[in-house]
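Peer 1: Pasting a structure below so you can have a look.
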Amino acid sequence: MEVTDTLAVQGGNPGLEALLDKLQPLLEGGRLDNLVDLASLLSDLVDLLDAAMVEKLSVQFEQATALSWNLGNAIHLAKAQTRKEIEPPNLYGLLSLLRAPHTRRGMALMLRVLNAIGRQE
């Protein structure tokens, strides 16, 4: 006997019967178990999140947001500067970019990042 049939026999609420009719496929397919597991996981997560953890997560989120913002701005600026050029730079033009202090700083940053990644392997 289905859950809705049991409530109908007991003189259940029509709204509750409609809800149970909609939940019946979830019950039969075992998908309602997944929702219960998800609620349990969220409950455990709430228990784990103390003030220190929330502070750490917020700092990490802020740093990731700042990094993506700065990287996006740098890419937009580089695209705008590249679009202004009528012809693509030749090899000498590319090498002359190495004379710019900002280019050398950026290359040093990228090389240090690659160095750090290489040390982790």
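Peer 1: Go through the range 83-104 and count every residue that is under 21 Å from L67 (Cα atoms) and surrounded by fewer than 10 Cβ atoms within 10 Å (Cβ to Cβ). Full working, then the answer.
Peer 2: Quick first cut of the range 83-104, residues under 21 Å from L67 (Cα atoms) only: 102-104.
Okay, now just the ones that are also surrounded by fewer than 10 Cβ atoms within 10 Å (Cβ to Cβ), so 102.
So the count comes out to 1.
Peer 1: Out of V59, V54, V46, report the one residue that is surrounded by fewer than 10 Cβ atoms within 10 Å (Cβ to Cβ) and part of a helix (DSSP H, G or I).
Peer 2: Working: V59 fails: surrounded by fewer than 10 Cβ atoms within 10 Å (Cβ to Cβ); V54 fails: surrounded by fewer than 10 Cβ atoms within 10 Å (Cβ to Cβ).
Unique residue meeting the criteria: V46.
Peer 1: In the set L32, L95, which member is under 30 Å from the mean Cα position of the chain (by Cα) and among the hydrophobic types (A, V, I, L, M, F, W, C)? Give the derivation first.
Peer 2: Numbers: L95 fails: under 30 Å from the mean Cα position of the chain (by Cα).
Within the list L32, L95, the selection yields L32.
A short reminder: the numbers here are calculations on the coordinates, not readings from a lab. Since this is a predicted model, take the numbers as computed values, not measurements. Reconstructed Cβ throughout: ideal geometry from the backbone, glycine too, with neighbour counts over all protein chains shown.
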